[in-house]
1. Considering only C-alpha atoms, what is the centroid distance from region 24-71 to region 5-19, in Å?
2. If you keep only loop residues by DSSP, which trypsin sites (Lys or Arg not before Pro) in region 1-73 have at most 14 other Cβ atoms within 10 Å of their Cβ?
3. Evaluate the charge dipole of region 2-58 about its Cα centre and quote only its size in Debye, nearest 20, assuming +1 on the Cβ of each Lys and Arg and -1 on the Cβ of each Asp and Glu.
Amino acid sequence: MVRAAVTAAPAGIAVLRLIGMLPAHWVCGQRIEEDRITLRVRGGDGPEVRGRCGAVLRDRALEGWALETPEPADRPPPGDRAAGTGAGAGDGAEDGAGGEPAEP
């Protein structure tokens, strides 16, 4: 997820709200930056996770946050070994969560 508006809730609060609205059986790991949240999810496939995160972002409490557009699979973001999305792709090695990528 990326901050799309200056008025958006702080990243630490936004990630708690986001994870709280996802299915309880999903195991989530996160990396929080000021304007970006990287979420790694185990328990759902990529399209399902991305769809659910997109639906959750429609909640008024998360206004001002948006899913980041995925980079093409053959061109990972510079300096980020997590390919696919800047806020949730990869193998989860950094946080131990593993699983499918999700970018809220």
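FYI, it's all coordinate maths here, none of it is from the lab. All figures in this text were calculated on a predicted structure; none of them were measured in a lab. Cβ coordinates were reconstructed from backbone atoms using ideal geometry, including for glycine residues, and neighbour counts include every protein chain displayed.
1. Between the Cα centres of region 24-71 and region 5-19 lies a distance of 11 Å.
2. Values: sites: R3, R17, R31, R36, R40, R42, R50, R52, R58, R60; in loops: R58.
Counting only loop positions with at most 14 other Cβ atoms within 10 Å, the trypsin sites (Lys or Arg not before Pro) in region 1-73 are R58.
3. Numbers: 9 positive and 5 negative charges, 15 e Å.
That gives a dipole near 80 debye.
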